[in-house]
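Beneath this line is the structure, given in structure tokens, with notes to follow.
The values are calculated or read from the model by the stated rules, or taken from the named source; none is laboratory data. Just so it is clear, the structure is predicted and the values come from calculations on it, not from any experiment. When we count neighbours, we look across all protein chains shown, and the Cβ atoms used for this are built from the backbone with ideal geometry, even at glycine.
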Amino acid sequence: MARFLIRRTLLGLLVVAGVLALTFLIARVVPGDPAASWAGPHASPQQLAKARSALGLDKSAPAQIVDYFSGIVSGDWGTSIHTRRPVLDDLGTRLPPSIQLVVAGLILALVIGIPLGIVSAVWRGRLPDFFGRIVAVAGVSMPVFWLALLLQLLFFQRLHLLPVAGQYDPGLDDTNPLTTITNMTVVDAAITGNFAVLGSALEHLVLPAVVIAAYPAGLVARMVRGSLLETMGETHIRMVRALGFPEWQVYLRFALKPALNPVISILGLVFAYSLTNTFLVEAIFNWPGIGSYAADSVQSLDTPSIVGVALVVALLYVAANFIVDVVQASLDPRIRLR
Amino acid sequence: MKLEVRDLSVAFGEQTVVRIEALDLSDGEVLGLAGESGSGKSTLALAILGLTGQMGATVAGSIQLDGRELVGMPEQELRIIRGRRIAMVFQSPVSAFNPVIRIGDLFLRALRHHGVERADARERANQALREVFLPPEMLARYPHQLSGGQAQRAAIALAIALRSELLIADEPTSALDVTVQAEVIEVIRRLQVQERLGVLFISHDLAVLGELSDTLVVLRAGEQVESGPAAQVLEAPQHAYTRELVASMPKLGGALS
Amino acid sequence: MTDVATAVTTRRRLLVPEALRGNYLVLGGGLVLLCLVLVAVFAPLLAPFPEDAANATHAANGLQPPSSAHWFGTDQVGRDIFSRVLYGTRVSLEISALVLIAAVAVGVPLGVAAGYFGGFIDDVIMRVTDVFLAFPALLLALALAAVLGASAENATLALAITWWPWYARLARGQAASVAGRQYIESARALGLSNFRIIGRHVLPNSLTPVLVQMSLDAGGVIITVAGLSFLGLGAQDPTPEWGLMVAHGQAFFTTHWWVATFPGVAILLAAMAFNLVGDGLREALDPKRVIFR
């Protein structure tokens, strides 16, 4: 197991180095003048020159690369043009709410997707399978920004069931102020025992989480269906039937766990995909996460922020894949020995 | 224990895949079922356990276990017989075990499913392993950590632990090396003698069948073409097909004993 | 043994029509896809107000609900949404086709080279794809489109750059497995040039999974394009791109729901159709080798 971990870590670091290189290319190989966008459209030539040297653009290319890498490593990720704050600080405040949202969405996706896939597999070829597959394909094909608007209209506007803006009821800031520790409302509220905010936060989490869950739920359902059907054809299932186990136990106690293997392997990918989906969804829900930060950065052509977001999401993706690999290896004994 | 098969036919839609006129198996007896690949041998094995309905097959005729008719028996009753009275081992031993469950866990689940208490189950599992010459730490392993021969013996041990009276062995040695084959056959022979286990041994390998079987039944394209005492069938085959099979056996001098 | 052979061939002959015939979902998807292509081709004939898909605006007629004159209502500058959705089919299908063809044109040769020659070339190309694949699609496309400038062309370029690594990976896997086979060795022994071998043996065998993957990807490309346009990074007004139209409708959504709804439905239907057809192709042709995304 240790050797496996070391190998994976080294591979991960290699990819990270490549990611840094690519983001540098994106950041620097920009048609147009970063100094101009920093200094603003009415800058004088002196201000432009000051901006240029402040951004390090007057140095040679190799020096810029070195500056960039050492900057990243030492925590200087540049300064955001639209917030005027260090990008790293921005990321620190904006990332946790999105992580909370994506995790909630993924949990929901598994809760919906796995049973949906099982139903499709068990009743393969019949009506439940038909509907299950349509729902799964719809989930995977859904434009999330459109779904967000639709759910807002339905559950907030028409039915008045669920809130749509912000992470919790702002009125609670006066009555039950929330102490910020992790910057994730649900976690902070739970830790500090602030049940009023906890309830409101969970309520506000529902709609955005459902929107984020649509794609992964559909994907998981399809994968579980396929994987389960494949597993059911294997010899060890025949053996278990020959031992006298009823069919429902064959599915749930003996086929499901090996069938979930491929599902676990895509969780990292799904996490990263969902994180980028927040770019399209957070603004609609007034969610103060990295998604709305990225959307704002795009609107204002804030290159340092955009690159910072790209970098942190890519790094998170590499980390997520690493964690998934480790989890898989601990669950499936065959992988460790490879 | 007495297994009697009469006028059995198993069909997939229009196509009849297995046709057995008569087949008898009692305690302590080994019945060898011979035939080439695709001759319906495995389908017969599954039909005895009532597992062919799953695959969409229709079964007609009679399969009686101690006088009880298995064809058409309701699922709940069949499930009590599966594993507990009739056990089955498969051709690829390692892939016959669930890859993410430890061997011991599978033993426990199967035994508890058939009503054995937890403590008894553990004791039975250990005892069964001893009878197939496997060390008790095998129970802690995963299937892929076992060799083919070990896995096959573990599968047989499961049948022992469940106190099955009839063992259906579907090509149990075909995927194993010759030396390992001999070990597995030896284990089966011991069980036949000591536990009076009835064995339905399915194989395409006449030499192996000749070594172990008391009675031999020859299947050709699913059709029962010859049956009788093993020695008689091999030395004086009546049917042309049997004669072909016997003739194609590699003779190393004294192959039949 | 001949029984086995006939059994296998009969099964395969049955397999293809059965997978496509009995599977209503795939048929449905195929039908919708056909309609989409027809709509894209005949948009000028089908759209009641084709000029609305170009530069025309009718400010006085803004935000009209669906009616017999305007089946999908009008948008904020009075343009007929039905016509714009129809023309949007062209935009989406064009962009997807360009993206995928470009991705395949770059990715497949690189992947085949990597798989066939192996060694250093393989290592280098695979590390490069690893780095690109470390970025989720929308993210990379977004970053590229943001720095290149917002336009449909740049979005197409950004997406092509985002998608090529998948095809390089896929082609490499295929080429590597084919290259190891014995008939390639014999071809080499006979003195055939590498180019010939790749062209006649390696490439054709790699095509099926590439085609299946393309049909599966088309849905994803459409959604990603729509997402980029929704953020303002893709097609610009007055191009009738579906994602852009949803963005336009976002501001009035609670009061004038039709502006954003119908383009969204179009995106959903188009993506579903491609996904269903892709699924069907995968089941019929090559169940194991396609990358699941």
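Points worth noting:
- Pairing residues of the range A:236-247 that are more than 7 Å from every other protein chain (Cβ to nearest Cβ) with residues that are assigned to a helix (DSSP H, G or I) and among the charged types (D, E, K, R), at Cβ distances under 8 Å and at least 6 apart in sequence or on separate chains, gives A:GLU247/A:ARG241.
- Taking the range C:121-140 as the range and being within 16 Å of C:ALA155 (Cα to Cα), free of Cβ contacts under 8 Å to residues at least 12 places away in the same chain and in a helix (DSSP H, G or I) as the test, only C:LEU139 passes.
- Only listed residue being more than 10 Å from every other protein chain (Cβ to nearest Cβ), part of a strand (DSSP E or B) and either closer than 24 Å to B:PHE12 by Cβ or out of contact with any Asp or Glu (no Cβ under 7 Å at 6 or more places or on another chain) (or both), chosen from B:GLY61, B:GLY115, B:GLY104: B:GLY61
- Only helices (runs of 4 or more DSSP H) whose full extent lies in the range C:141-254 are considered here, and the ones with at least 1 residues that are acidic (Asp, Glu) are C:152-179, C:182-189, C:203-230.
- In summary, A:VAL206 fulfils each of the numbered conditions (1) more than 14 Å from chain C (Cβ to nearest Cβ); (2) touching a residue at least 60 places away in the same chain (Cβ under 8 Å) with the single exception of condition (2).
- Evaluation of A:PRO216 against (1) surrounded by fewer than 17 Cβ atoms within 10 Å (Cβ to Cβ); (2) under 34 Å from the mean Cα position of the chain (by Cα) (one fails), failing number: (1)
Let's see how each residue does on (1) within 14 Å of chain C (Cβ to nearest Cβ); (2) at pLDDT 75 or above:
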{"site": "A:ILE6", "(1), (2)": "no, yes"}
{"site": "A:VAL19", "(1), (2)": "yes, yes"}
{"site": "A:THR23", "(1), (2)": "yes, yes"}
{"site": "A:ALA49", "(1), (2)": "no, yes"}
{"site": "A:PRO62", "(1), (2)": "no, no"}
{"site": "A:SER74", "(1), (2)": "no, yes"}
{"site": "A:HIS82", "(1), (2)": "yes, yes"}
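- Answer residue from the range B:79-90, given it is facing another protein chain (nearest Cβ under 8 Å) and in a loop (DSSP other than H, G, I, E, B) and is nearest to A:ALA329 (Cα to Cα) among those: B:PHE90
- Of all the residues in the range C:233-261, those that are closer than 13 Å to A:PHE145 by Cα and of a type outside the set (A, V, I, L, M) number 7.
- Unique residue being under 22 Å from B:GLY38 (Cα atoms), more than 18 Å from the chain's Cα centre (by Cα), in contact (Cβ under 8 Å) with a residue 60 or more places away in the chain and not in a loop (DSSP other than H, G, I, E, B) when the list is B:LEU234, B:LEU245: B:LEU245
- Considering C:ALA145, C:ALA160, C:ALA152, the condition of being within 14 Å of another protein chain (Cβ to nearest Cβ) and closer than 30 Å to C:LEU244 by Cα is satisfied by C:ALA145 alone.
- Residues in the range B:143-158 that are more than 15 Å from B:ARG109 (Cβ to Cβ) and either within 14 Å of another protein chain (Cβ to nearest Cβ) or of a type in the set (Gly, Ala, Ser) (or both): B:HIS144, B:GLN145, B:LEU146, B:SER147, B:GLY148, B:GLY149, B:ALA151, B:GLN152, B:ILE156.
- Any pair with Cβ under 6 angstrom, 6 or more apart, that starts in the range A:186-202 at a residue that is among the β-branched types (Val, Ile, Thr) and ends at one that is surrounded by fewer than 17 Cβ atoms within 10 Å (Cβ to Cβ): A:THR192/A:THR179
- Close pairs (7 angstrom Cβ cut-off, 6 or more residues apart or separate chains): facing chain C (nearest Cβ under 7 Å) and farther than 11 Å from A:ILE284 by Cα in the range A:141-153, polar (S, T, N, Q) and part of a helix (DSSP H, G or I) anywhere: A:SER141/C:ASN275
- Count of the range B:137-151 residues which are under 22 Å from B:HIS113 (Cβ atoms), in a helix (DSSP H, G or I) and not hydrophobic (A, V, I, L, M, F, W, C): 1
- Test: C:ALA284 is out of contact with any strand residue (DSSP E or B) (no Cβ under 7 Å at 6 or more places or on another chain), part of a helix (DSSP H, G or I), facing chain A (nearest Cβ under 8 Å) and not polar (S, T, N, Q): no
- Odd one out for B:GLY67 among (1) away from chain A (no Cβ under 12 Å); (2) surrounded by 14 or more Cβ atoms within 10 Å (Cβ to Cβ); (3) among the small types (Gly, Ala, Ser): (2)
- Residue list for the range C:255-273, filter: more than 8 Å from every other protein chain (Cβ to nearest Cβ), in a helix (DSSP H, G or I) and closer than 11 Å to C:GLY73 by Cβ: C:TRP258, C:VAL259, C:PHE262
- Here B:LEU134 fulfils each of the conditions (1) under 22 Å from B:ASP177 (Cα atoms); (2) within 12 Å of chain A (Cβ to nearest Cβ) apart from (2).
- B:ARG130 vs. criteria basic (Lys, Arg) and touching a residue at least 24 places away in the same chain (Cβ under 8 Å): no
- A single entry from C:ALA146, C:ALA171, C:ALA179, C:ALA114 fulfils the requirement of being farther than 28 Å from A:VAL16 by Cα and touching a residue at least 60 places away in the same chain (Cβ under 8 Å): C:ALA179.
- Test: residue in the range A:270-281 that is crowded, with 19+ Cβ neighbours inside 10 Å, in contact (Cβ under 8 Å) with a residue 24 or more places away in the chain, within 14 Å of chain B (Cβ to nearest Cβ) and out of contact with any Lys or Arg (no Cβ under 7 Å at 6 or more places or on another chain): no
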